[in-house]
Amino acid sequence: VFFLQGEYEKADPASKSYYNHLLFYDFLVHAIAGDAFPLGKGGRLTAEIAGIAESEFSREISLDVIEALARKDMLIFAGFNPSLGTELAWKSWEIARKRATYMQGTSVLHGPFSAITENDAVLLFDYARFAPHDIEDIGQQSQGKGTVVTFEPQNAGFHSLEARTIEGFEIFSLMPAGWNLLRRIGLMLGHNLDDLGTNGLAKSRTLDTRV
């Protein structure tokens, strides 16, 4: 258990929750790898998952992608994992001051945000689970208007974060990849989550973190 003790709340973003999530996933991945807490020694696969997760936290992302997303009014996360999509949509405002929503699966094509405009960006994860004709439809709807970025590698001509995944453990790399993306968008827009003195982004200052 992580005990987080913070000062007076100074702004609205849930930075304490953000760091709590980071600590949780960092602890869990290292625990699976056998590096922390007595959960048993991990094998080759769990060690690989831990390495991928760590690398996605700091992966370099094309400035063209960051600039394109920073200019958009709305980020639309689309995929088949509600926990991942909802978390990233919530954190979009807290980290980067960007409006965002999550659309499950192909509802991005048929729901209220299906009319992609030049002010929107669609961020696709679980790419392999989309049918080819759905990917084609997303490309057609966004052509000349919105920006489409995929988390995983693809050959559909969209921008890609090139996130590495292992089947069944995708969230361990896609979540930190999303946080990394939002952090870089925020920094480009002048919002630094780590800076307590600028923009009032940090909600609380963590004084004591212990296991």
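The values are calculated or read from the model by the stated rules, or taken from the named source; none is laboratory data. Since the structure is predicted, the reported quantities are computational estimates derived from the model, not experimental observations. Here the Cβ is made from the backbone with ideal geometry for all residues, glycine too, and neighbour counts use every protein chain on show. Just so you know, the surface numbers come from the protein's heavy atoms only, side chains and all, with ligands and any DNA or RNA stripped out. Shrake-Rupley method; radii C 1.70, N 1.55, O 1.52, S 1.80 Å.
Observations on the structure shown:
- Positions within the stretch 158-177 being closer than 20 Å to ILE116 by Cβ, open to solvent by less than 40 Å² (accessible area, probe 1.4 Å) and not in a loop (DSSP other than H, G, I, E, B), in sequence order: SER160
- Within the stretch 101-126, the set of residues being open to solvent by 30 Å² or more (accessible area, probe 1.4 Å) and under 12 Å from the mean Cα position of the chain (by Cα) comprises TYR102 only.
- Output for the stretch 86-112, where each listed residue is of a type in the set (A, V, I, L, M) and over 24 Å from ARG129 (Cα atoms): ILE95, ALA96
- Where a residue in the stretch 157-178 is modelled with pLDDT of 85 or more and its partner, wherever it lies, is among the small types (Gly, Ala, Ser) and not in a loop (DSSP other than H, G, I, E, B), with Cβ under 6 Å and at least six apart: LEU161/ALA177; ALA163/SER173; ALA163/ALA177; ARG164/SER173; THR165/SER173; SER173/ALA53; PRO176/ALA53
- Flag for LEU196 being in a loop (DSSP other than H, G, I, E, B), modelled with pLDDT under 85 and open to solvent by 70 Å² or more (accessible area, probe 1.4 Å): yes
- Taken together, the residues in the stretch 47-73 that are in contact with a Ser or Thr (Cβ under 6 Å, 6 or more places away or on another chain) and more than 14 Å from ILE171 (Cα to Cα) amount to 1.
- Checking each residue in the stretch 123-177 for being closer than 15 Å to LEU88 by Cα and of a type in the set (D, E, K, R) picks out ASP126, GLU170.
- Per-region count, the stretch 57-82, residues closer than 11 Å to GLN104 by Cβ and either open to solvent by less than 50 Å² (accessible area, probe 1.4 Å) or in contact (Cβ under 8 Å) with a residue 24 or more places away in the chain (or both): 5
- One residue from ASN180, ASN155 being assigned to a helix (DSSP H, G or I) and surrounded by fewer than 21 Cβ atoms within 10 Å (Cβ to Cβ): ASN180
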